[in-house]
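**Student:** Sharing a structure with you now.
The values are calculated or read from the model by the stated rules, or taken from the named source; none is laboratory data. Here the structure is a predicted model, which means the values were calculated and not measured. Cβ atoms come from the backbone with ideal geometry, glycine included; neighbour counts cover every protein chain shown. Accessible surface is based on the protein model in full, side chains and every heavy atom, while ligands, DNA and RNA are left aside. Shrake-Rupley method; radii C 1.70, N 1.55, O 1.52, S 1.80 Å.
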Amino acid sequence: ANGIERPKGYNVSFHFNSKAEQHHFGQSHPMKPWRLTLTKQLVLSYGLQFAMDIFETLPATMDQLAAFHSRDYLEYLSRITPDQSEVIANNFKIFGLGPEGDCPVFDGMWDYCRLYSGASIDAARNLISNQADIAINWSGGLHHAMKKWASGFCYINDIVLAIQQLLTVVPRVLYVDIDIHHGDGVQHAFWSTDRVMTLSYHKFDPETFFPGTGGKDETGPKNLVNPGAHYSLNVPLHDGIDDAQYEDLFDHCTGACIEKFNPQAIVLQCGADSLGGDRLGKFNLNIKAHGHCVDFVKRRSHNRRLLVIGGGGYTPRNVARAWCHETSLCVGATLRNQLPAHIPYRQAFMSAENGGGELYPNLSHITTRRHENKHDKGYLESLKKNIDEQLKYVEN
Ligand code: TV1
Ligand code: CA
Ligand code: ZN
């Protein structure tokens, strides 16, 4: 009434469960749930809890998980123990589990699955009930899990469960995935529908890099009568992509999808293995470019619901820094450029990389282990053109 416009504030909710963070996949396994403790400690040290609603979530129930997964698989997951004789006797291979593999049977595995999935379901519900504009679950984002089997460190596909929740109240959900791996489980789950558009950016090399799917022509069922045709979009990349290239590509493709598909909710999987210096990844992205993606989607979200979830990320100190920075972007805070003095686990943030000095946010962090950049302008332009071509079939 007095003519003063206030910028719209966002209600942000942060969903976590301390117990999820305490699980171990096994000695040399790259997936370290304690990176979530590191992330949360950093978030708390900056006082970001005062700018969001914090929810410690309950584990998902069997019935909640069965909204996507088969009962056979869930029964098996809930019963199997690390005891090898039982693992072998139960013919674990059909369910994608096994010792030494990507998806080991570890102590508390079932609880871990129910906890990270429960947090994503809760986050989706909080958006549905309009308690939040943006809901965050860094423990989720396990995009490879299939209806009947585990794959690539993922047992339960919390993303599919969260999207199913959102679909009970909105017609269309856009899924965007910046993990360095292809979001195959989510793509597959919604392959035949035009109510969910999936868009994954990833390293693509079927010969050497997991999971080997996600080529640029993988756009949905080839039968054009199927409603899912043209609703799966992929941006296959090579080693060494840099900040400027990624940001430009992301803005063009994601911007076009939001505009054309016009979703009422967006789910953003923020796998941090696309950062430079990751133990498994091969890109050269700094925290700045990774965070740019979150900020871009937030700015384009307007009145849409936004679910922000984790995913991969195998150099824990960088995962924590990226996700803390991205939490601050969600709430609209700017963090000072120095680690809080009294942060627990301070040592974990110190590394040879920066001479053992300050690390946060220090949005450019790669000083070592650069990967040769295998992209030229022509290739990047062809990827944009490919997305534009697919979107010609989409109108809302
Ligand atoms: C145990 C111990 C398992 C050490 C797995 C890296 C390990 C890997 C390990 C590993 C590893 C993968 C494959 C397996 C093809 C398969 C959370 C036959 C040092 C979302 C999942 C990557 C990524 C799976 C998950 C991949 C996510 N890479 N050491 N396993 N082989 N699997 O290559 O997208 O980030 O690496
Ligand atoms: Ca991806
Ligand atoms: Zn990954």
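**Student:** Does residue 139 satisfy the condition of being surrounded by 15 or more Cβ atoms within 10 Å (Cβ to Cβ), within 28 Å of residue 180 (Cα to Cα) and within 16 Å of ligand 3 (Cβ to nearest atom)? Working first, answer last.
**Tutor:** Working: surrounded by 15 or more Cβ atoms within 10 Å (Cβ to Cβ): yes; within 28 Å of residue 180 (Cα to Cα): yes; within 16 Å of ligand 3 (Cβ to nearest atom): yes.
Yes; evaluated as a whole, the condition is true for this residue.
**Student:** Among the candidates 191, 149, which residue alone is away from ligand 1 (no atom under 14 Å from the Cβ) and open to solvent by 10 Å² or more (accessible area, probe 1.4 Å)? Explain how you work it out, then say what you get.
**Tutor:** On the way: 149 fails: away from ligand 1 (no atom under 14 Å from the Cβ).
The match here is 191.
**Student:** In region 264-288, what count of residues is obtained for those that are open to solvent by less than 10 Å² (accessible area, probe 1.4 Å) and under 18 Å from residue 141 (Cβ atoms)?
**Tutor:** Residues that pass the stated criteria total 16.
**Student:** Name the pairs: first residue in region 220-236 and more than 20 Å from residue 385 (Cβ to Cβ), second residue open to solvent by 10 Å² or more (accessible area, probe 1.4 Å) and polar (S, T, N, Q), Cβ to Cβ under 8 Å, at least 6 apart or on different chains?
**Tutor:** 221/192; 226/192; 227/192; 227/193; 228/192; 228/193
**Student:** Give just the number: which of (1) touching an Asp or Glu at 6+ places or on another chain (Cβ under 7 Å); (2) part of a helix (DSSP H, G or I); (3) surrounded by fewer than 21 Cβ atoms within 10 Å (Cβ to Cβ) does residue 347 not satisfy?
**Tutor:** With (1) touching an Asp or Glu at 6+ places or on another chain (Cβ under 7 Å); (2) part of a helix (DSSP H, G or I); (3) surrounded by fewer than 21 Cβ atoms within 10 Å (Cβ to Cβ) applied to residue 347, the lone miss is (1).
**Student:** So which residues in region 146-189 are small (Gly, Ala, Ser) and within 14 Å of ligand 2 (Cβ to nearest atom), if there are any at all?
**Tutor:** From region 146-189, those small (Gly, Ala, Ser) are 150-152, 162, 183, 185, 189; that's our starting set.
Answer for region 146-189, where residues must be small (Gly, Ala, Ser) and within 14 Å of ligand 2 (Cβ to nearest atom): 152, 183, 185.
**Student:** Which ones in region 167-181 are touching a strand residue (DSSP E or B) at 6+ places or on another chain (Cβ under 7 Å) and either open to solvent by 10 Å² or more (accessible area, probe 1.4 Å) or without any contact (Cβ under 8 Å) to a residue 12 or more places away in the chain (or both)? Break it down into steps so the answer makes sense when it comes.
**Tutor:** We begin by selecting, within region 167-181, every residue touching a strand residue (DSSP E or B) at 6+ places or on another chain (Cβ under 7 Å); these are 167, 170, 173-181.
Selection gives 167, 181.
**Student:** Okay, moving on. So which residues in region 106-141 are among the aliphatic types (A, V, I, L, M) and either closer than 23 Å to residue 304 by Cβ or out of contact with any helix residue (DSSP H, G or I) (no Cβ under 7 Å at 6 or more places or on another chain) (or both), if there are any at all?
**Tutor:** Kept after step one, since they are among the aliphatic types (A, V, I, L, M), are these residues of region 106-141: 109, 115, 119, 121, 123-124, 127-128, 132, 134-136.
Scanning region 106-141 gives 109, 119, 121, 123, 124, 127, 128, 132, 134, 135, 136.
**Student:** Also, I was wondering about something else. Consider only pairs whose beta carbons are under 7 Å apart and that are at least six residues apart or on different chains; among these, list those whose first residue lies in region 265-291 and is touching a residue at least 24 places away in the same chain (Cβ under 8 Å) and part of a strand (DSSP E or B) and whose second residue is open to solvent by 10 Å² or more (accessible area, probe 1.4 Å) and away from ligand 1 (no atom under 15 Å from the Cβ).
**Tutor:** Here the result reads 265/304; 265/305; 266/304; 285/243, each pair linking region 265-291 to a residue that is open to solvent by 10 Å² or more (accessible area, probe 1.4 Å) and away from ligand 1 (no atom under 15 Å from the Cβ).
**Student:** Would you pick out the residues in region 45-80 that are assigned to a helix (DSSP H, G or I), more than 20 Å from residue 95 (Cα to Cα) and modelled with pLDDT of 95 or more? I'd like the intermediate steps shown before the answer.
**Tutor:** Here is the first cut: in region 45-80, the ones assigned to a helix (DSSP H, G or I) are 45, 48-51, 62-65, 71-79.
In the following step, the residues that additionally are more than 20 Å from residue 95 (Cα to Cα) were identified as 45, 48-51.
Once the filter is applied, which keeps residues that are assigned to a helix (DSSP H, G or I), more than 20 Å from residue 95 (Cα to Cα) and modelled with pLDDT of 95 or more, region 45-80 yields 48, 49, 50, 51.
**Student:** Scan 158, 102 and give me the residue that is among the charged types (D, E, K, R), within 16 Å of ligand 3 (Cβ to nearest atom) and within 13 Å of the chain's Cα centre (by Cα). Spell out how you get there, then give the answer.
**Tutor:** Details: 102 fails: within 13 Å of the chain's Cα centre (by Cα).
Step by step, each of 158, 102 is checked, and only 158 is among the charged types (D, E, K, R), within 16 Å of ligand 3 (Cβ to nearest atom) and within 13 Å of the chain's Cα centre (by Cα).
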